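The values are calculated or read from the model by the stated rules, or taken from the named source; none is laboratory data. As the structure is a prediction and not an experimental result, all values here were calculated from the model. Neighbour counts run over all protein chains shown; Cβ positions are idealised from the backbone, glycine included. Heads up: the accessible areas ignore ligands, DNA and RNA and are worked out on the full protein's heavy atoms, side chains in. Shrake-Rupley method; radii C 1.70, N 1.55, O 1.52, S 1.80 Å.
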Amino acid sequence: MGSVDMVCSSEEEALISKICHLYSQIASLDSLKPCKNVDTLFTDLVMTCIPPSSIDVTTLSNNLQEIRSNLIRLCGIAEGHLEHHYSTILGSYDNPLHHLHLFPYYNNYLKLALLEFTILSQHNNLPHKIAFVGSGPLPLTSIVLASNHLPSTTFHNYDIDASANSSAMRLVSGDPDLSKRMEFHTSDILDVTCLEEFEVVYLAALVGMEKEEKNRVIDHLAKHMAPGAVLMLRSAHGARAFLYPVVEPCDLRGFEVLSVFHPTDEVINSVVIARKYPLSVLEQQQQQQGLSSSSMILPNKCSDEIQVFNRPLNHGNIIIEELTLDDQL
């Protein structure tokens, strides 16, 4: 057993060493806008982090935690530049939606959207209205879901960046169908309180890159989403947690976590689906007694109680088992 632990430890050390080496190169760049050097470094980083790994980033030293946090921030900046770059290219065509394949990660979005739709359909009737928080200049998830999986659903895309929304609107404005079913709102989601109209809310991986910021957004959604509405989040697992923030089930206060899916193929993000708790009899009683529901702490399941799935998307049908609400509610 000791030899196995030693092998695992040396593999993790080699992995961390390579990631740190790439981080130092990326951090020294003058710009993270797309170019040959930037593309090569980030491709190398992604290929390093994609293989399944047992590494637990929560056990890393403070120095490595800081490197990971900085690396996630740099990845977010680079991803924003990449999306703006390709949104501009696509927007120059008469029919931008006919050229989505030009974006180098388009196939990943096709797989991720199919995965999320499959998981969503296991737990929810097909929604009439979806909110996507952090849609960006290239809202591929909304576009793919609207085009391929949810032909009658209206998508409300929220982003704090007005220029991102302008670029995104340009992509769908010429399409007679999507232009009617896609709306774009320039807002900080923490200022948006009209979320009870949505059956499903998506939270993009890079909304809240620091854990405290992410939890603030989740708590805001828990306060303003409709009881019983579904929250779809993107997280990361293993070495992929050097690329994206991790959302633990225990972070989802006010939600019942239904399932967690960790892809093992080229789809990088893990998918977490949760449902906002309905008003319980206890809450109703306390509200009648004049107590504020905001002072209550709703129960939620912790990570060791959540069914986790690791089967790749392309290995047969995805089976998602719903985890029911505890009787204590």
Going through segment 222-244 in order, the residues found to be open to solvent by less than 10 Å² (accessible area, probe 1.4 Å) and assigned to a loop (DSSP other than H, G, I, E, B) are MET225, ALA229, ALA236, LEU243
Checked ILE67, ILE26, ILE19, ILE50 against criteria (in contact with an Asp or Glu (Cβ under 8 Å, 6 or more places away or on another chain) and more than 30 Å from MET182 (Cα to Cα)); the one match is ILE50
Residue pairs within 9 Å by beta carbon, gap of at least six or interchain, first lying in segment 93-122 and in contact (Cβ under 8 Å) with a residue 60 or more places away in the chain, second open to solvent by 80 Å² or more (accessible area, probe 1.4 Å) and among the aliphatic types (A, V, I, L, M), listed first then second, are LEU120/LEU126; GLN122/ILE319
Checked segment 159-184 for anything within 19 Å of the chain's Cα centre (by Cα) and either over 29 Å from GLY254 (Cβ atoms) or not aromatic (Phe, Trp, Tyr) (or both); matches are ASP159, ILE160, ASP161, ALA164, ASN165, ALA168
Quick count over segment 174-193, residues being of a type in the set (A, V, I, L, M), open to solvent by less than 50 Å² (accessible area, probe 1.4 Å) and not in a loop (DSSP other than H, G, I, E, B), is 3
